[in-house]
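Everything on this sheet refers to the single structure shown next.
The values are calculated or read from the model by the stated rules, or taken from the named source; none is laboratory data. Note that the structure is a prediction, hence the values are computed from the model and not measured. All Cβ positions, even for glycine, are placed from backbone atoms using ideal geometry, and neighbour counts span all protein chains on display.
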Ligand SMILES: [Zn+2]
């Protein structure tokens, strides 16, 4: 009884930790998406100015694009972490979300990288059957 209660409290605690992590990630993700939107807006303004004035300020657009690319890959990594915490995985081929227990994407058949099942299986190597002597 006592061990059950301890187990229950332990599980509740780890679930709460996970939920906190998910909420924190969602907050960071929202903020990053807003920042990325602003950068895209700046880039749009820059390109518009260049178009109107027929003057290309390559340095400042390149700088903006670099910032946007960095922000986008950060957003992607946040989304991936959120998916994993929620037991989901994003297919690299079609971009659809499925369960992280699948080896293959149910939408396009692409092999899913690092599925939980797969990484679990590699821990337990199949027994080597030696030929009978
Ligand atoms: Zn797919």
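Quick look at the numbers
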read-out: Residue in region 41-53 that is under 22 Å from residue 85 (Cβ atoms), modelled with pLDDT of 90 or more and within 27 Å of the chain's Cα centre (by Cα) present; value: no
read-out: Which listed residue is touching a helix residue (DSSP H, G or I) at 6+ places or on another chain (Cβ under 9 Å) and on the phi < 0 side of the Ramachandran plot, from 33, 6; value: 33
read-out: Qualifying residue in region 55-73 (condition: away from the ligand (no atom under 16 Å from the Cβ) and in contact (Cβ under 8 Å) with a residue 40 or more places away in the chain); value: no
read-out: Of all residues making up region 77-103, the number that are within 16 Å of the ligand (Cβ to nearest atom) and either assigned to a loop (DSSP other than H, G, I, E, B) or within 23 Å of residue 35 (Cβ to Cβ) (or both); value: 14
